[in-house]
Amino acid sequence: MNLVHLAQAKSPWVLHYDASSCNGCDIETVACLTPLYDIERFGAVPIGSPKHADMLLVTGNVNHKSKRVLRNIYDQMTEPKVVVAIGICATSSGVFHQSYNVLGGADQAVPVDVYISGCPPRPEAIIDAIIMGAEKLKKKWKEEEHPVKRSNQGSDTERSTADVG
Amino acid sequence: MPSRTVIPFGPQHPVFPEPLQLTLTVEDEKVVEAVPSLGYVHRGLEKGAELNDFVKNIYLAERVCGICSFMHSWTYCSCIEELLNIEVPPRAEYLRLIFAELSRVHSHLLWLGLYADAFGLESLFMQCWRVRERSLDMQEAAGGGRVILSACTIGGMRRNLDEDMRRAFIKEVAEIRRDFERLVPVFLNDYSIKKRTVGVGVLSKEDAQSLGAVGPTLRASGVRSDARMLGYGPYKEMDFEPVVEEDGDCYARGVVRVKEVLQALDLITRALERLPEGEIKVNFRGRLKGEVFKRMEQPRGEMLYYVRASRNKNLDRFRIRTPTFANIPPLLKMLPGCDLSDVPVITLSIDPCISCTER
Amino acid sequence: MSWALVGIGVLGAPLLGGLLFGIDRKITARLQGRKGPPIVQPFYDVIKLLAKDSTYTNRRQVFYLYSHLLWMLVALVILLTRQDFLVFVFALTFSEVSLALAGFATKSPYSHVGSNRELLQILASEPVLVFMAFALYLATGSFLTGGVFLIDEPLLFSYPLLFLAVLLVLTILMRKSPFDISSSAHAHQEIVRGISTEFSGKYLALLEIAHWVELIIILIIVFLFWVKPWWAGVLLALGAYFLELLIDNTYARLKLGTMVRTTWAWGFGLSLVNILYFTL
Amino acid sequence: MFQAMMPTVLKNLFNRPVTREYPYTYREPFKSARGRLVLDMRECIMCTACEKRCPAGAIEIKRKEGLYKFDPYSCVVCGACVEACPEKCLEIDSDWRRPVGEMKTEVWHIEPRRKKADTA
Amino acid sequence: MTWNQFLLVALALPLVVALLNYLVRLPQIRKGSIIVMALALIASAVWLHTRVGDNAVVLSFPWADLTILILDLAILAYITYVGIERRHPYIIALAVLQLAGLLYIELGLRPDVSEVPSLVIDRLSVVMYLVVAVIGSIICVYALQYMEEHDDRAHPEERKGRFFLWFVLFLGIMNGLIFANNLFWLYFFWEATTLCSFQLIGHDDTRESRDNALLALFLNSIGGLAMIAAIFLLVNTFGGAAASLSAVVNSGLAVLSTSFLIALAFLVIGGFTKAAQLPFQNWLLGAMVAPTPVSALLHSSTMVKAGVYLILRLAPAYSGLPLSTAIAIFGGFTFLAASLLAVADDNAKRVLAYSTVANLGLIVACCGINTSLAVNAAVLLIVFHAVCKALLFMGVGVIEHNVGSRNIENMEGLAARMPAMMLVVSIGVFGMFLPPFGVLFAKWAAMEASIREPLLVALLVAGSTLTALFWTKWLGRMLSTYPREEEEVQPVSMPGYYVTSLGTLALGLVLLSLGLPAVVNGLVLPSTMTWYPPAIQGMSGLNLAAFSWANYYNPEIILGNAVVPEGLFPLGLLFIGLLLMLVIPMAFFEPEKERVGDIYLSGENLDEGPLPLYFAGAMESPSKVSLGGYYFRGVLNDRTVLSLNIVAAALMVMMIGVVAS
């Protein structure tokens, strides 16, 4: 099983969806593929079909229209899967928090496993997030007895607030 | 009986970084009909802006689009400056021009990369983005952010450029030019690229004008039109001549952008060399009153801003018309009759920026 | 004894193919100025896919996917046992047809378009392979692949033009640009992942493994052009492989019609001229 | 030229890859880069200037309870608050915030201190 | 059983049953009589197979010559009448010319045909008889059910009687045709099949069917005229003894006499028209309007097979001549052109028809190659093509009755609605172009034989790849179902007649392919040995050997360095592959452990609607995903058809030119 774990951590295929971002996070996500950052070093390749993907990268806040799309894509991904919310819009809703068409962060539609702040986050930060997501992928597979649970419930994860100082 | 395939092309589609849906009706592989469907990126930004203090709106305007972010903040700021009758110091205007052209360089390089990806030349995509990283480094060093700069503010600039950096910039621009010139012949001469782009998605001069195309899409169809010719900011001192191509196909649109990158690099160098000394920001007081209408040239084309205010902290009305919005009707004109494989190339050839369009 | 060799071949081909795919990804990355993934990356991918949950549309999809891999292996066995080249081409076609049918089995527009394109790829690539069978016969007096081991002069010397035609269709078989139109790691432009859009988990892994085997088969085809001494053929195959990588990275993906026209015009032209020249 | 891409590609093959091996080597961001907002609440006078200026609503101040909440996952690092702060409590660091599995709001309890009536 | 009794079963029984059905229109009698006849024909075929050895059986019925002549004249007169009634000047002209020619030969030349055997039954005839009797009988059984469902507007019973009159008669006439040796007899049966097909194609009595029937009559009359011309040339030059098929085949006059050569060419052209080679293919395509059993019969065992049978039978006569090469090229061209046209058609029956034309072209090409291997391949093709095509046509007929359309587009998702039918059709389609089935084996042999003609090689290569394209395309359409469709759709049940007839054929196809060596050794090789002299004389021996024993998977030969000239067909290995293909998914696939996934629609799937096929389109409106096949209408259109026809006609003119020079 160690081999499987190794393989899972080493080959996160990512699917990117722009829920309604301003492009800033999108282009930084795409920049991760390019020679200077090259996330393929960690086996991460961008993939078009959710059926192949292990990791959903969400940028931008969820609005009424993109919520359905995001859910559909998430449902079509097969277990184990993780969701990475990239950028402020996807974590909360950033500067758009007042807008009528903004429902909030990505966690309004799908359960999010990794949050990365920044507006937009640097490619380095996105690499960090992908590596962290890949580690979580491994854990998810271990937790849930294979074959994994069928239903993909749970879109209403609450943001937890904890005291720090 | 013709047998037709109906394909949803997007919103989640690997070729578009942004969600745009085209409902394609395809016969064999010929596109018969393309119906766009928008609204995936609609955030209600304009309405949101009316709820805000107008100063905060700079940050909102910047986030209309992450790629041409600087242009949006410049246009917004100059609208407010006009309402408040602020004279922006010349150094700030020059800095704005430098950042604007820098964002044009990075936007066009980004586009050239995506365009290369659209016709499946991945290594070219990589090379374009690799060159682009240099311009991002410049933006980060000077503006503080790789993509969203937050450098422009009402009354001037928040960031200055010291002398060392100015020299470094001139050098860096030369480097970008050197790197980019290696890629220019690929876009201009490569056999396979020409095979995919020449004669694809032709937009005639008449169609371009009557359908209201703007920016490189319009200029590639042989129309000499560029909002920078209005001479806002320091452009009037730059003896500026827009790049025009005649053919109106995807290849021509590529060529226009390739040449515009070189032109923008030129403009940056010239502006850096002429950069006047002095203040970069003036303070302002007062409340807004009146309405203003601005046209400026984004990397994607001409952008319109409309701002109305009535002695209030907030704006009464805030309206943006972005270049992609104007370019969608020409796109729909170009799509029917093309091959399915051409759809990404044609769609990308207008350089769609959906987040601009839908705000 | 020889059967043991066949067994080793059948088991070893996917491993070797996977490794070559890893090298492919590494070299491609280097050509693009990137560092690239580790060489064993394809194995990571496949192990991960095998461990992943899978979905399917209907039984026929699964059936034809297995059939794709299986007939690829049958084709490999036919080559390894030096049997009839024409039958090998048929087995390979069966394999590709199975893949197309697996794509068709789902009512997904993307895999549907992908499958149709896959069929056109078969249409574009098969003729040259059949011509190669005829060339084999004319050069060795037998349709058996084993025949090339009995002649002293490499096949390449008598069939240089045919070799060019084979190189042309190699881009199709290897699913590389400019003719990578039905499905691939990178042909996401218009049809997402093409034929494989609807495969997931272990079914996608099956497809990957079949690609590995296919790669080995392709390299063996090139190898046949120069079998004596054996290392010359291996070098030739690796050279062709590297050439395809270079072409992949310097060519835009061409369109369907261009593919069929080019391969039929040039493939038929070169092969036929060469065969006529040889017979006359 | 027929194969315009070939020289670039071959040059890449024989040169070292340009990849910055990020997690293994760390490239210092530019000094002026806006990476994240760092708060040093020792000097805070709860004047709410930052709260008012924040376009993203990331800062929430409850003066009566002495609560200062900062949500780093709403902050767009624009620097408006830094410019507004009279006590220079806030600072922008060029380093970036690392990804987390769970978002946490940073909360400070600040004792209402001497009021700087003259500076308000 | 004596030969006379056999002939009673083979020729007279169908005639009796046909008349019985026409006169007594009772369903019970119809069913009973036809099933009895089918069994009798099959039994007689088996008997014939065991009875005929290497030596041909020669039967003479000189007393019947006059009857035949009168019947001939009657048929021609009827055709003239049809031409006059339907105001078709070409048919009138052709029929009158034939009448004149026949009368001139009989009255003017007065050939002495008393020495000519009326019927000769050799192994080739046995193979043909097996095909006609077995497959034809199965189609008859199928037709019983099919015609029950077939829409006959007025007087259904009467029209069924009429239908079965011509249908069963067709079988009897075809039996006669494959035994006929006397050219006048052959000509009679030849014209009689034309008449039967005319009646059957026009059965539905719609405008379209009447027009197409007339077209068939017209084009086949060209063939009839060609045959009369050939008989005239032969009788005129060599006297009455030459009016014998076996004499023509074995005379070896080819090198000596130009008129013989031209006669031969005319006979071959007659074969072309029957075999619907380009540019005569239109009658066969038009024949698709007829009820499906007619198409099945025309395509698999009768009519078109008569054409290739004649060409094949004559193969020794033109062996080694330029004519042979011309025939090969012509056949190869038809193979390519018909395959190309099949790609562009969305009517299932027309696709099948084009495929038939293509395969007949391949058979013709094999005849033209004229080596032992090629001729064997041709015989094998006739057998397997008949089985496959009968199966496919009957399958399409059932599908058409259930779907209400023969358009391939409408057959989408058939796999869920008619799983049993899907299995049958899949077997049929696989049988047409995939290893290890018989047609592919024959095609393999044909291609290996074609190596002597590089130009032909190119034609065959191109055609064979196109074959894969249109078959897979069609099969793919039928396979494609949306997720969970099977659970929602109630499969259609099949009547017993269909199960019997289709099941027998499907099983038969698999068993025949599995027992390919037995088919080759037991049927094909003996059939060519007896009548094809080059098979015995000019052969190296290895050819035949390679053709026969190498069908087995023989590891010793394969792993060693032994080289056999014509290659090997590793049937065993391929069947192991096929078996594993069935077994492995069963062993590894656990549907209950896996999830059925929705299809990917760019994330815009909608849950609403009856099918999971709707996506949110523009303005949030539910749009339906629809899939269309590829038909390349931009490239393949009427102009293509026209130019292909012109090329084919030019080739045919060149063929005659080759002969004449």
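Can you send over the carbon and sulfur percentage of the accessible area for segment C:59-165, probe radius 1.4 Å, protein chains only? Percent of accessible area from carbon and sulfur atoms in segment C:59-165: 62. Axis of helix C:85-104 versus longest Cα principal axis of chain C: the two differ by about 20°, to the nearest ten degrees. Look at the stretch C:70-79: the mean tally of other chain Cβ atoms within 10 Å of its residues' Cβ atoms is 4. Calculated accessible area for the protein assembly as shown comes out at 32 Å² per residue, all protein chains present (probe 1.4 Å; ligands, DNA, RNA ignored). Peptide B:185-198 is shielded by partner chain Cβ atoms: per residue, an average of 5 of them sit within 10 Å of its Cβ.
Loop-resident chymotrypsin sites (Phe, Trp or Tyr not before Pro) (DSSP state other than H, G, I, E or B) in segment B:1-63 with no more than 15 further Cβ atoms inside 10 Å of their Cβ are absent. Computed about the Cα centre, the dipole magnitude for segment B:160-306 is approximately 400 debye when only Lys and Arg (+1) and Asp and Glu (-1) carry charge, each at its Cβ. Cut-off under 18 Å on the C-alpha distance; same-chain residues fewer than 8 positions from E:LYS305 excluded. Which aspartates and glutamates are left, in chain and number order? Partners within reach: E:ASP122, E:GLU191.
List the GluC sites (Glu not before Pro) in segment E:567-638 that DSSP assigns to loop (not H, G, I, E or B) and whose Cβ has at most 16 other Cβ atoms within 10 Å. Which are they?
Those that pass, being in a loop and sparsely packed, are E:GLU608.
Filter the DSSP H helices in chain E by two things, a Kyte-Doolittle mean of at least -1.0 and an axial alpha-carbon span of 27 angstrom or more, and list the hits by number. Helix filter hits for chain E: E:27-51, E:65-85, E:156-179, E:207-238, E:322-343, E:348-369, E:372-403, E:454-479, E:638-660. The angle between the Cα long axis of helix B:122-143 and the main principal axis of chain B comes to about 10°, on a 0 to 90 degree scale. Entry note, chain E: the mean residue ellipticity at 222 nm calculated from DSSP H runs of n ≥ 4, each adding -39500 (n - 2.57), is -22000 deg cm²/dmol after division by the residues and rounding to the nearest 500. Per-residue SASA remark: E:ASP607, around 140 Å² accessible (1.4 Å probe; ligands, DNA and RNA not included). A Cβ-based charge dipole, computed about the Cα centre of segment B:66-165 with Lys and Arg at +1 and Asp and Glu at -1, lands at about 180 debye. Given the pairs A:LYS138/D:LYS31; B:LYS195/C:LYS35; A:LYS65/B:LYS333; B:LYS313/D:LYS69; B:LYS30/B:LYS195, which span a C-alpha to C-alpha distance of over 28 angstrom in this model? The answer is A:LYS138/D:LYS31; B:LYS195/C:LYS35. Surface burial for E against C, with a 1.4 Å probe and both sides summed, reaches about 6700 Å² of accessible area. Within the accessible surface of chain E, defined with a 1.4 Å probe on protein heavy atoms only, the carbon and sulfur portion equals 65 percent.
Taking all protein chains together and rolling a 1.4 Å probe, D:GLU43 ends up with roughly 80 Å² accessible.
Residue pairs exceeding 30 angstrom between C-alpha atoms, taken from C:LYS107/E:LYS443; A:LYS67/E:LYS624; A:LYS67/D:LYS88: C:LYS107/E:LYS443; A:LYS67/D:LYS88. Take the Cβ atoms of E:ALA74 and E:LEU39, set R0 to 30 Å, and the FRET efficiency comes out at 0.40.
Longest span of chain D, sites excluded, free of trypsin sites (Lys or Arg not before Pro) in DSSP loop with at most 11 other C-beta atoms within 10 Å? Display every interim value, and only then the final one.
On the way: sites that count: D:ARG27, D:LYS31, D:LYS64, D:LYS88, D:ARG114, D:LYS115, D:LYS116.
The longest such stretch corresponds to D:32-63.
Of the trypsin sites (Lys or Arg not before Pro) found in segment E:616-656, not one falls in a DSSP loop while having at most 15 other beta-carbon atoms within 10 Å.
Projecting the Cα positions of D:GLY35, D:CYS54, D:PRO99 onto the charge dipole of segment D:32-119 (unit charges on Cβ atoms of Lys, Arg, Asp and Glu, taken about the Cα centre) puts D:CYS54 furthest along the positive direction.
Buried between D and A is an accessible area of approximately 2900 Å², summed over both sides with a 1.4 Å probe. Computing the accessible area with a 1.4 Å probe over protein heavy atoms, can you report the carbon and sulfur percentage for chain B? Carbon-and-sulfur percentage of accessible area, whole number: 47. Sorting C:ARG30, B:ARG63 by solvent-accessible area of protein heavy atoms yields C:ARG30, B:ARG63, largest first, with a 1.4 Å probe. Antiparallel beta bridges, as assigned by DSSP with both residues in segment A:3-117, represent about 10 percent of the total such bridges.
Counting Cβ atoms of other protein chains within 10 Å of each residue's Cβ and taking the mean over peptide A:123-130 gives 5. Largest mean-square fluctuation among B:TYR191, B:TYR76, B:TYR251, in a Gaussian network model of chain B whose springs join Cα atoms under 10 Å apart, belongs to B:TYR191. On a 0 to 90 degree scale, rounded to 10, what angle separates helix C:201-223 from the longest Cα axis of chain C? With rounding to tens, the tilt is 10 degrees. Among D:GLU91, D:GLU51, D:GLU102, which one shows the biggest mean-square fluctuation in a GNM of chain D, springs joining Cα atoms closer than 10 Å? Result for chain D, Cα springs under 10 Å: D:GLU102 fluctuates most. Classify chain B: rounded, prolate or oblate, from the alpha-carbon gyration tensor (a ≥ b ≥ c, eigenvalue square roots; a/c under 1.5 rounded; otherwise prolate if a/b is larger than b/c)? Oblate shape, in that a/c is at least 1.5 and b/c is the bigger or equal ratio. Ordering E:ASP598, B:ASP117 by accessible surface, largest first, gives E:ASP598, B:ASP117; the 1.4 Å probe counts only protein heavy atoms, with every chain in place.
Looking at C:LEU70, E:CYS367, E:MET303, which one has the Cα that reaches farthest to the positive end of the dipole of the protein assembly as shown (charges on Cβ: Lys, Arg +1; Asp, Glu -1)? Working it through, the farthest residue towards the positive pole turns out to be C:LEU70.
Please compute how much accessible surface disappears when C pairs with D, both sides summed, using a 1.4 Å probe, and round it to the nearest 100 Å².
1100 Å²
Rolled with a 1.4 Å probe across the full set of protein chains, the surface gives C:SER98 an accessible area near 0 Å².
The values are calculated or read from the model by the stated rules, or taken from the named source; none is laboratory data. Because the structure is predicted, anything quoted here is derived from the model rather than measured. For neighbour counting, all protein chains shown are included, and Cβ atoms are generated from backbone atoms with ideal geometry for every residue, glycine included. Protein only, heavy atoms only, side chains kept; ligands, DNA and RNA dropped before computing areas. Shrake-Rupley method; radii C 1.70, N 1.55, O 1.52, S 1.80 Å.
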